[in-house]
Amino acid sequence: MTAHQQGTTVPYSPPPQSNRLIDNHGRPITYLRLSITDRCNLRCHYCMPEGGADFVPHAEILTFEELERVVRLLSALGVSKVRITGGEPFVRQGCMSFLQRLRGIDTVRSLHVTTNGVETFRYLDDLAALRINGVNLSLDSLDPGRFWQISRRNLLHTVLSTLDGCLKRSLPLKINAVVQEDTEDSEIVALADLARQHPLCLRFIEKMPFSGVWSVRAKSTRSLRQRLHVLFPEMTPLVTNGPSTARLYTLPGYAGQVGVIEGNSRRFCTTCNKIRITPVGMLKACLYDNGVLDLKAMLRRGADDSEITQAVIGAVAQRYRDGMETEEHCARECDPAMASIGG
Ligand code: SAM
Ligand code: SF4
């Protein structure tokens, strides 16, 4: 049993400065989003086409052993927060055991999962036993018809079981809600009310151009933040420590908080501490790049730890300043599906 499972705190010494992953703009990289599958049991319009994205064959997806090795190497470089995502992580068999293996890595100080909640209620006792540091649950509407319209599946009830189960077990919970052009104010107000009733963070997310098909870029009209300020005039900004993608707010009488993630406007790039690994093992230094290092090729040709570590350090040392600059330099034939990246 690891220290995390015992609930004890092991003193943590980060690796010395010279062995830390720091990009060419001086930003320490401490957060990994690890996408373990591109498959999913929903078909959200803004994320993938009805027939699913072009799912990659299983043999092309990193094995759990490969994933664990990469996490160990990155955590030795100072990556202390790991989020498991997808596609839907719980549709991959063995997801829970993999989380347990990651929990055994003491340098991974903070372990999180992002899920759509469709199957997750089955795993909540295990997540609680694991002392998961955070569950991000995606939920765009509390109305069954609207949920079906967005996700093309009639499964709101199972997502709500997960929500309820997380609250009952006091799992640290954030809800992610993508706000689309046609999202009604009433839906936003109903979702925010969850943060009034419960100690959770309800984060409204700007829709981004990652739907897996050709799409017309959304013109930025009134910002999402302005819209929230109109709906909730008493919103007061919370000061957060360290890099954060969300701006957080408190509201009088609320048990939790409300937040906004301005991903499309890319307002948080200056403090970005995040890298991503796709299911096929591409390292992404920015959401908007096309992959900067093929880790799978290195792993499968037998590269040793030091070679992989040096390659990662080299890739991170050539990071673009922000998502706008990355997008200018990295041409894309069509918008990739967010499910193949991990959000
Ligand atoms: N299936 C899991 C889920 O939905 O939580 C994990 C993967 S999903 C790709 C991760 C996050 O990306 C979700 O919160 C989802 O709402 C968000 N997302 C997907 N496509 C998006 C888009 N085009 N714009 C903004 N957020 C998006
Ligand atoms: Fe699946 Fe999550 Fe994409 Fe929806 S947002 S299709 S739940 S991967």
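Can you pull out every residue in region 85-98 that is more than 14 Å from ligand 1 (Cβ to nearest atom) and either without any contact (Cβ under 8 Å) to a residue 60 or more places away in the chain or part of a loop (DSSP other than H, G, I, E, B) (or both)? Before the answer, list the steps.
Narrowing region 85-98 to residues more than 14 Å from ligand 1 (Cβ to nearest atom): 93-94, 96-98.
If the condition is that a residue be more than 14 Å from ligand 1 (Cβ to nearest atom) and either without any contact (Cβ under 8 Å) to a residue 60 or more places away in the chain or part of a loop (DSSP other than H, G, I, E, B) (or both), then Gln93, Gly94, Met96, Ser97 are the ones that fit.
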Check on Leu142, touching a Leu at 6+ places or on another chain (Cβ under 8 Å) and open to solvent by 10 Å² or more (accessible area, probe 1.4 Å): yes
Test result for Arg146, assigned to a helix (DSSP H, G or I) and either under 23 Å from Arg92 (Cβ atoms) or modelled with pLDDT under 95 (or both): no
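Keeping to region 284-315, report how many residues are at positive phi and under 24 Å from the mean Cα position of the chain (by Cα).
Our first condition is that a residue be at positive phi; within region 284-315, this holds for 291, 302.
When the remaining residues are screened for being under 24 Å from the mean Cα position of the chain (by Cα), the result is 291.
Qualifying residue count for the region: 1.
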Condition met for Arg101 (touching a helix residue (DSSP H, G or I) at 6+ places or on another chain (Cβ under 6 Å), under 20 Å from Cys201 (Cβ atoms), surrounded by fewer than 19 Cβ atoms within 10 Å (Cβ to Cβ) and not acidic (Asp, Glu)): no
Subset of region 67-76 that is touching a strand residue (DSSP E or B) at 6+ places or on another chain (Cβ under 9 Å) and under 14 Å from Ile29 (Cβ atoms) - its residue that is surrounded by the most Cβ atoms within 10 Å (Cβ to Cβ): Leu74
Options Phe90, Phe55, Phe64; residue that is at pLDDT 95 or above, surrounded by 18 or more Cβ atoms within 10 Å (Cβ to Cβ) and of a type in the set (Phe, Trp, Tyr): Phe90
First in region 183-208 and under 19 Å from Arg247 (Cβ atoms) and among the acidic types (Asp, Glu), second anywhere and open to solvent by less than 20 Å² (accessible area, probe 1.4 Å) and assigned to a loop (DSSP other than H, G, I, E, B), Cβ under 8 Å, 6 or more apart: Glu206/Glu262; Glu206/Gly263
Filter result for Arg332 (farther than 21 Å from Ala59 by Cα, at pLDDT below 90 and open to solvent by less than 60 Å² (accessible area, probe 1.4 Å)): yes
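Considering each of Val82, Val108 in turn, give the residue that is away from ligand 2 (no atom under 11 Å from the Cβ), assigned to a strand (DSSP E or B) and touching a Leu at 6+ places or on another chain (Cβ under 6 Å). Give the steps one after another, and end with the answer.
On the way: Val108 fails: assigned to a strand (DSSP E or B).
Selected residue: Val82, the only one of Val82, Val108 that is away from ligand 2 (no atom under 11 Å from the Cβ), assigned to a strand (DSSP E or B) and touching a Leu at 6+ places or on another chain (Cβ under 6 Å).
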Single match in Arg225, Arg276, Arg267, Arg247 (criterion: in a loop (DSSP other than H, G, I, E, B) and either within 30 Å of Glu187 (Cβ to Cβ) or at pLDDT below 95 (or both)): Arg267
Close pairs from region 162-176: first touching a residue at least 40 places away in the same chain (Cβ under 8 Å), partner open to solvent by less than 70 Å² (accessible area, probe 1.4 Å) and charged (D, E, K, R), Cβ under 8 Å, at least 6 apart: Lys174/Arg203; Asn176/Arg203
Thr183 vs. criteria away from ligand 2 (no atom under 11 Å from the Cβ), in a loop (DSSP other than H, G, I, E, B), open to solvent by less than 20 Å² (accessible area, probe 1.4 Å) and of a type outside the set (A, V, I, L, M): yes
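Kindly provide the set of residues from region 186-209 that are in a strand (DSSP E or B) and not charged (D, E, K, R), ordered by number. Outline the logic, then answer.
We begin by selecting, within region 186-209, every residue in a strand (DSSP E or B); these are 201-206.
Cys201, Leu202, Phe204, Ile205 - these are the residues of region 186-209 that are in a strand (DSSP E or B) and not charged (D, E, K, R).
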Residues satisfying the stated conditions in region 20-52, i.e. touching a Leu at 6+ places or on another chain (Cβ under 7 Å) and modelled with pLDDT under 90: Arg20
Residues satisfying the stated conditions in region 110-132, i.e. farther than 20 Å from Gln93 by Cβ, open to solvent by less than 60 Å² (accessible area, probe 1.4 Å) and away from ligand 1 (no atom under 16 Å from the Cβ): Ser110, Ala128
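The values are calculated or read from the model by the stated rules, or taken from the named source; none is laboratory data. Keep in mind that what you see is a predicted model, and the values were worked out from it rather than measured. Backbone-built Cβ (ideal geometry, glycine too); neighbour counts: all protein chains shown. Keep in mind that these areas ignore ligands, DNA and RNA; they rest on the heavy atoms of the full protein, side chains included. Shrake-Rupley method; radii C 1.70, N 1.55, O 1.52, S 1.80 Å.
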